[in-house]
Amino acid sequence: MAASTRNLVRVLAGCQRLSLTSPCVSRVSQNVLRQTYVRTYAAAAVKPKPKAKKGEEDKDKKEKKEKRVIDNTGRHKPIGFTAWEPVDDVYMLRFYPKPSHDAGTAIDMLKEFQRLEFTPPDQAVTLDLKLDLKLEKKRKVDPFVSTVQLPHPFRTEANKVVVFTENAEQAQLALENGAAHAGGVELVQKILDDEIQADFYLTVPEVLPKLVPLKNKLRKKFPKSKRGTVGVNIPRMLNLFKSGHEYLVERENYIVTEVATLNMPKEQILANIQAIINDVCSHKPANYSPIINRMILSNRTSEALLVKYEDFLPKPKEEERP
């Protein structure tokens, strides 16, 4: 009992000494607000770039848009390919540039494909042209629709043509020259009701303002002077559009049209191609770059063959000597 009392006295005496002396370690309360100091520095001001002039902006955009033209002339192999031509009969297409053939060779290949694949011999030969419509500065040739007289027509049926005229003699002349229908404003309602349908619609200039209700109905077939479907020489227009071949520029700079059938002689197919290319080249002045950039021949069941088009372009006329 005496020992436990002495131990209790010692503990109390120790607690008293600790309470009277200051603590050797002080701890900052977490609840007290503290102010943190952040070192700041002066950064250099960013100067805004001066605005470029309008002409310079257009020039920069043009440089970005222009693709780099790769010239493979004189190289042992084209850039991005393994070689100019494959050595073996079986090869990966992506390793070699697509071969370009002469037009006559391409037609012979299409005929050979048809014979080996047992496909119809009277299927159409399709001509695919990529055009360069650019002129000087920002000008360019507008997409156009044209009709050309092929030297060797390949369609069995003649085109149906409607002639608008209020002159009885002109209407009779049109019917004698092969028009399917000829008349004045009375034909408008029949066309709107689908009682009359045709491939081409021709008119004399006097009747053109009265055909406005047909604009939404006919759309691209509506008579226009640029297409040669508005005029006074009815026999000449009928002679062109009755057996003429129409083609148009689509997707801004492409022409895809049928030119012949595969069972026609090669010379006739080449003559039809030449007639269409001559008409296409007439829409761009000769003092600019050639209007054709690429030419492909194909048919419904064969692969597309890249063709050399330079021989079809019109030759520049030699300057006359004094």
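The values are calculated or read from the model by the stated rules, or taken from the named source; none is laboratory data. Model, not experiment: these values are computed from the prediction. In this analysis, Cβ positions are derived from the backbone assuming ideal geometry, glycine residues included, and neighbour counts consider all displayed protein chains.
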Need the failing condition index for D132 against (1) acidic (D, E); (2) touching a Ser or Thr at 6+ places or on another chain (Cβ under 8 Å); (3) farther than 30 Å from E303 by Cα, just the number.
(3)
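Please specify each residue of segment 91-117 satisfying the condition of being outside any helix (DSSP H, G or I) and within 17 Å of Q274 (Cβ to Cβ).
Taking segment 91-117 as the starting set, the residues that turn out to be outside any helix (DSSP H, G or I) are 91-92, 96-102.
The answer is H101, D102.
Quick one: would you say V145 is touching an Asp or Glu at 6+ places or on another chain (Cβ under 9 Å), among the aliphatic types (A, V, I, L, M) and under 30 Å from N272 (Cα atoms)?
Numbers: touching an Asp or Glu at 6+ places or on another chain (Cβ under 9 Å): yes; among the aliphatic types (A, V, I, L, M): yes; under 30 Å from N272 (Cα atoms): yes.
Answer is yes for this residue.
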What single numbered condition from (1) modelled with pLDDT under 70; (2) touching a strand residue (DSSP E or B) at 6+ places or on another chain (Cβ under 9 Å) fails to hold for L110?
(1)
Six or more apart or on different chains, Cβ atoms under 8 Å: show the pairs whose first residue is in segment 91-114 and in contact (Cβ under 8 Å) with a residue 24 or more places away in the chain and whose second is part of a helix (DSSP H, G or I) and among the aliphatic types (A, V, I, L, M).
H101/M109; A103/L270; A103/I273; G104/L270; I107/I269; I107/L270
Long-range neighbours under 8 Å by Cβ, at least six apart or interchain, first residue in contact (Cβ under 8 Å) with a residue 60 or more places away in the chain and more than 19 Å from V280 (Cα to Cα) within segment 295-314, second of a type in the set (F, W, Y) and surrounded by fewer than 19 Cβ atoms within 10 Å (Cβ to Cβ):
N299/F113; T301/F113; S302/F113; E303/F113
Segment 192-217: number of residues that are within 17 Å of T229 (Cα to Cα), of a type in the set (V, I, T) and surrounded by 15 or more Cβ atoms within 10 Å (Cβ to Cβ):
3
How many residues are farther than 14 Å from L131 by Cβ and not in a loop (DSSP other than H, G, I, E, B) when one looks only at segment 276-318?
9
How many residues does segment 101-118 hold that are touching a helix residue (DSSP H, G or I) at 6+ places or on another chain (Cβ under 9 Å) and loosely packed, with under 15 Cβ neighbours inside 10 Å?
3
